[in-house]
1. Take GLN14 and decide whether it is loosely packed, with under 12 Cβ neighbours inside 10 Å and without any contact (Cβ under 8 Å) to a residue 40 or more places away in the chain.
2. So in region 21-58, with the set limited to residues that are aliphatic (A, V, I, L, M) and in contact with a Ser or Thr (Cβ under 9 Å, 6 or more places away or on another chain), which one is nearest to PHE68 (Cα to Cα)?
3. How many of the residues in region 8-52 are part of a helix (DSSP H, G or I), small (Gly, Ala, Ser) and over 21 Å from the mean Cα position of the chain (by Cα)?
Amino acid sequence: MSLKEVLPIWWAWQWRVLVAVLLANIAIGLVLGVVKLFLHISQQNFIIITNLFSIAITMYASIYFLAFVFEKFHIYVPKAVDEYRKAAIK
């Protein structure tokens, strides 16, 4: 595949991940900020907690939207078709 073919696929995935992660991190940050005030969590622990949530959100969004883009660009190969290809190669 050339860069011209890959770039639209990459961008279709990347912009969705960037927007979702940005919005989710803002929302989670606000919620956790309020919780921090009520529970009197130290700043150091708050940073650790928000970073862990951010990593989890980013991983989930990345995988979710990668699957979405695979479907959109018809990259996903069903198992039955894949088995036929493997049999043809042998």
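Values quoted throughout were computed directly from the atomic coordinates according to the rules given, and no laboratory measurement underlies them. Only a predicted model underlies this, so the values are computations on that prediction, with no experimental measurement involved. Please note: Cβ atoms are built from the backbone with ideal geometry, for glycine as well, and neighbour counts cover all protein chains shown.
1. no
2. Ranking the candidates gives VAL21 first.
3. Here the count works out to 1.
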